[in-house]
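The values are calculated or read from the model by the stated rules, or taken from the named source; none is laboratory data. Keep in mind the model is a prediction, meaning the values are calculated, not measured. For neighbour counting, all protein chains shown are included, and Cβ atoms are generated from backbone atoms with ideal geometry for every residue, glycine included. All accessible areas refer to the heavy atoms of the entire protein, side chains included, with ligands and DNA or RNA removed. Shrake-Rupley method; radii C 1.70, N 1.55, O 1.52, S 1.80 Å.
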Amino acid sequence: MAKQTIIADQQTQQCSPAKFILAIFLTPIFVIGLILFLVWLGLHPHFPSFQIQNFSVPGLDQLNGFRNVNITFNITVRNPNRSTWIHYESIDGSVYYKDHKVGVMPILYSFNQSPKNTTILQQVFGWTVTMSSANNHRWMEIMNDRKEGTVKFSVTLASLIRFKKSIWDRRHHRMHAECIVEVGPDGLILPSSVHDRCPVNLS
């Protein structure tokens, strides 16, 4: 038993220098990798941030359906990056009730957004659908939602964007943001939807 203990101690002493040398070799690699990862996190561009501020659909109580209905909304878009500009080819907006598009219009044309800058997107949409039996049926659905106290709409924003002054990403990306908003019977945004962030996808 004593001989086995001595042999085991000798093997441990023989392995320890090898482990020590391996640790000396791997530690700088780990540290350098960690530093590069932190640098990448700091320099890699972040998605633009969209936030709903206001939304109204006056005239939800009218009896003549979609006629003469306007949609007004106010959405802010922020560039959260510290040193990277964001170039937007344009921003097109659409408003949906369920899967039915009720308004569409260009919002902004080509522009550059500086770092840590917030731009206000404010637009008035005219209801773009025509009177038909299908649209009248959709209007009746809106009236039923209104009676229950809440009508839900969604605003989608689409653009082709590029990050400028970024050493990591110089490609063009298709950007899609969707803002879900709920209005009350009066057509005004409910407090629960104010300042809601809109999910953003890039491809």
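Residues of segment 114-134 that are modelled with pLDDT of 85 or more, loosely packed, with under 12 Cβ neighbours inside 10 Å and farther than 23 Å from THR156 by Cβ: LYS116 alone.
Taking the criterion of being within 20 Å of the chain's Cα centre (by Cα), farther than 21 Å from LEU188 by Cβ, open to solvent by 10 Å² or more (accessible area, probe 1.4 Å) and modelled with pLDDT of 90 or more, would at least one residue in segment 135-155 satisfy it? For segment 135-155, residues within 20 Å of the chain's Cα centre (by Cα), farther than 21 Å from LEU188 by Cβ, open to solvent by 10 Å² or more (accessible area, probe 1.4 Å) and modelled with pLDDT of 90 or more: absent. The residue list SER83, SER56, SER90 contains one member that is in contact with a Lys or Arg (Cβ under 7 Å, 6 or more places away or on another chain) and either among the basic types (Lys, Arg) or in contact (Cβ under 8 Å) with a residue 40 or more places away in the chain (or both), which is SER83. For beta carbons closer than 8 Å, sequence separation of 6+ or different chains, a first residue in segment 67-78 that is in contact (Cβ under 8 Å) with a residue 12 or more places away in the chain and closer than 13 Å to VAL155 by Cα and a second that is surrounded by fewer than 21 Cβ atoms within 10 Å (Cβ to Cβ) and of a type in the set (Phe, Trp, Tyr), the qualifying pairs are ILE71/PHE125; ILE71/TRP127; THR72/PHE125; PHE73/PHE125.
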